[in-house]
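The values are calculated or read from the model by the stated rules, or taken from the named source; none is laboratory data. Here the structure is a predicted model, which is why all the values come from computation and not from measurement. Every residue, glycine among them, receives a Cβ derived from its backbone with ideal geometry; neighbour counts consider all protein chains shown. Heads up: the accessible areas ignore ligands, DNA and RNA and are worked out on the full protein's heavy atoms, side chains in. Shrake-Rupley method; radii C 1.70, N 1.55, O 1.52, S 1.80 Å.
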Amino acid sequence: MATSAATTFRWPRAQALVRGRAALWIPLGLGLLAAVSVLVRTIRFDAGLWVDEGLSFGIADRPLADIPSVMRQDGSPPLYYLLLHLWTRGLGVRSEVALHALSLIFAVLVIPIAWALVRALLGARAGWVAAVLLACNPFLTQYAQEARMYSLTVLLAVVSVTCFVGAFALERGRRWTVGFALAEALLLYTHNWGLFGGAGLAAAWAVLVVVAEGDRRRSLLREGLLAAAGIAVLFAPWLPTLAFQAAHTGAPWANPPGFTDLVGAPKKLLGTSPQYLLLLVTAVGLAPLVRGPVRRWRPEARAALALAVATVVTLSVPWLLSQAAPAWASRYLAVGLAPLVLLAAIGLSRAGRLGMGALVLVALVSIAYNGPKTKSNVRSVAEAITPSLAAGDVVISTQPEQAPVLHYYLHDVAGLRWASIIGPLTDLGVTDWRDGTERLEATSPRKDLAPVLDGVRPGQRVVLVSPEFGILARWEAPWSALVRSRSLAWEDAMRSDPRFRVISVEPPNPVSRPNEVRATIFAREPVG
């Protein structure tokens, strides 16, 4: 028996050893990238919430079944808020760390998912390049530490764009078409700019159809129509709400973006000092792929073409539309990160040592960024004024959208009454943006402030919380300009009212930073 065992023994072949080492190094490599991502993206994890994060918690804190309907007031799709509701209720906590943790999970998940999808389509080197870029990306680092939907947007966009490449540029089969339709529908349920991402991919599909011939063209047409039908069916239940939002909410706080905003979008997304070097080396790696007639390009070259078209259209269409109806914000660019990263993955992986050197340089520079130190001073202001408040006191937010985050930090003071410059507030979890500018224009201290003050008894206090207006350029949009003028009018009316006197201001020495507020505490004088 011993002789038989010895004679049948075979040393493992070299290929099997290589596969064994790969099976070990792959999880180690992905684990290292995930660990670096977590380390970098938790340094600012306990930063205080700002306006939008307060809205996230306020919406997610209501009953699950109520969330879709309340989005008619907010103007966003519901998926992120539904997930945040399940997350916070499951944990049973409401801390900043708990709120930020869900975004971090999405930012970490995108690393192995991108690696697996890109590797399956474009090879191991491209998969690792995509994983490294996403693990270190400063844009994603910032929003991995914010209780908003942008890291989820990046995750779904990566899946959507990669599956699109597999289905239409590389033509790998129906499963990629189905994956694209599912991911794109989920993206549309996460952020409205998913529509612009879809427009970019639709333009890329059209280009691929034009350059194809014969059976390939017919196949692309068939798969494209199938994907469009699937997305339409999945997203159809939300279309009535989207139509209502488009007619009544919008983004009245936004200004039309300038040309520098458009050309600077890649810098916002890549967020690194050598971003132009990254793009240049990407172009060097792509150059050998795009020689000769387009109809004869290799599948990898067609993928690069599709990604370039998708990137340009995804960023330029909202820029153009925002000239007439402003809805531009740098954080919304999250939907454009995926095609840019995948394009870089193809180019850098084809650029040899130059590509790997650029990747290492970008990674080293990127991990030095760990997010903003301060997003808002609402937490510190709330902590300073809490000891002076009691049941029956009134908190007036002259910037209505600040009310949810103020309520988050003043939640422990029971019995407070709340108002904004539009009037008394009963729902402190969401800002009602429906026809907001028109409603704000109709306000006045006599009509909206006086009834609130008349209900304050002697000895009770009123906290007037107003934004800091030191950076005037941030207060030029229709909504923002009205908030500024009404805030000044409300404060002037209160200071002129002989029934009230100022007892403190917090902070006493304000600074001009975005999202800063100032709380002025008034006391109602005793009668007589």
Practice task
For Val511, state whether it is closer than 22 Å to Thr386 by Cα, in contact (Cβ under 8 Å) with a residue 40 or more places away in the chain, touching a strand residue (DSSP E or B) at 6+ places or on another chain (Cβ under 6 Å) and β-branched (Val, Ile, Thr).
Solution key: no
Practice task
Take the residues in region 480-490 that are hydrophobic (A, V, I, L, M, F, W, C) and closer than 19 Å to Arg513 by Cα, then tell me which one is least open to solvent (accessible area, probe 1.4 Å).
Solution key: Val483
Practice task
Enumerate the helices (runs of 4 or more DSSP H) found wholly within region 228-315, keeping only those where 1 or more residues are within 30 Å of Arg484 (Cα to Cα) and open to solvent by 20 Å² or more (accessible area, probe 1.4 Å).
Solution key: 239-248, 259-263, 265-270
Exercise for the section: May I ask you to say which residue of Ile421, Ile367 is modelled with pLDDT under 95 and touching a Lys or Arg at 6+ places or on another chain (Cβ under 7 Å)? Expected result: Ile421
Practice task
Determine whether Arg457 is among the charged types (D, E, K, R) and either more than 31 Å from the chain's Cα centre (by Cα) or surrounded by fewer than 19 Cβ atoms within 10 Å (Cβ to Cβ) (or both).
Solution key: yes
Completion exercise
For region 407-427 the number of residues that are open to solvent by less than 30 Å² (accessible area, probe 1.4 Å) and closer than 20 Å to Val378 by Cα is 8
Handout entry: Leading residue by the ranking (farthest from Pro112 (Cα to Cα)) among those in region 33-67 that are acidic (Asp, Glu) and in a helix (DSSP H, G or I)
Key = Asp66
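Listed here are the residues, each with its yes/no results for (1) out of contact with any strand residue (DSSP E or B) (no Cβ under 6 Å at 6 or more places or on another chain); (2) under 22 Å from Gln73 (Cα atoms); (3) of a type in the set (S, T, N, Q).
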site	(1), (2), (3)
Ala403	no, yes, no
Tyr409	yes, no, no
Val413	yes, no, no
Thr426	yes, yes, yes
Exercise for the section: Among the residues of region 360-389, write down those that are part of a loop (DSSP other than H, G, I, E, B) and open to solvent by less than 50 Å² (accessible area, probe 1.4 Å). Expected result: Asn370, Gly371, Pro372, Lys375, Ser376, Asn377, Leu389
Exercise for the section: With the condition kept exactly as written, say whether any residue in region 319-337 is free of Cβ contacts under 8 Å to residues at least 40 places away in the same chain, part of a loop (DSSP other than H, G, I, E, B) and open to solvent by 30 Å² or more (accessible area, probe 1.4 Å). Expected result: no
Completion exercise
Taking first residues from region 439-458 that are of a type in the set (A, V, I, L, M, F, W, C) and second residues anywhere that are part of a loop (DSSP other than H, G, I, E, B) and open to solvent by 40 Å² or more (accessible area, probe 1.4 Å), the pairs with Cβ under 7 Å that are 6 or more apart or on different chains are Leu440/Ile422
Problem - Selected residue (only one of Gly357, Gly352 is more than 19 Å from the chain's Cα centre (by Cα), at pLDDT 90 or above, at positive phi and open to solvent by 20 Å² or more (accessible area, probe 1.4 Å)) - result: Gly352
Problem - helices (runs of 4 or more DSSP H) within region 72-185 that include 1 or more residues touching a His at 6+ places or on another chain (Cβ under 9 Å) and open to solvent by less than 10 Å² (accessible area, probe 1.4 Å) - result: 79-91, 150-164
